[in-house]
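Below you'll find the structure, written out as structure tokens, and then a few comments.
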Amino acid sequence: MRVPQCSSSISGSFILLITGYYRTIIDALSNLHFPVLITLIAGIGVGVLITSKIVHFFLQRFPVGTYAVVIGMVAGSGIIIFPGIPLDFAAAFTSIVAFFVGVIIALLLGRVEHK
């Protein structure tokens, strides 16, 4: 099995670790320290609102380019997290079946969306 060597995404936990707030947030969660948790939730909320406004702006003005970037990020992240082709038959068969089930579900959801 191939293990990815690098990742192009940065998680929220990694940002907290880099900025030195990871232990503070973990302690606040463990002890239910509400002032810290409320501040964290407010920051996440503001981040989501700002990000959604930025994405909306780009979708309104540059829809094709914006969709291309999003599809590129999704496809690229799939390559990064793909663990490799399983060597045993059962795992390979299960992976192939799961892939096609996912494709079928996505196609069905796309049809429901466009009706």
Check your understanding: Would you call Gly84 at pLDDT 90 or above and open to solvent by less than 100 Å² (accessible area, probe 1.4 Å)?
Key -> no
**Study point:** Pairs with Cβ under 8 Å, 6+ apart, first in region 67-96 and over 30 Å from Thr51 (Cβ atoms), second among the basic types (Lys, Arg) and open to solvent by 100 Å² or more (accessible area, probe 1.4 Å)
**Key:** Gly84/Arg2
Exercise for review: Would you check which residues across region 59-83 are of a type outside the set (A, V, I, L, M) and closer than 22 Å to Ile10 by Cα and list them?
Suggested key: Thr66, Tyr67, Gly72, Gly76, Ser77, Gly78, Phe82, Pro83
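The values are calculated or read from the model by the stated rules, or taken from the named source; none is laboratory data. If you're wondering where the values come from, they're calculated on a predicted model, not measured in any experiment. All Cβ positions, even for glycine, are placed from backbone atoms using ideal geometry, and neighbour counts span all protein chains on display. What goes into the accessible areas is simple: the full protein's heavy atoms, side chains included, and nothing from ligands, DNA or RNA. Shrake-Rupley method; radii C 1.70, N 1.55, O 1.52, S 1.80 Å.
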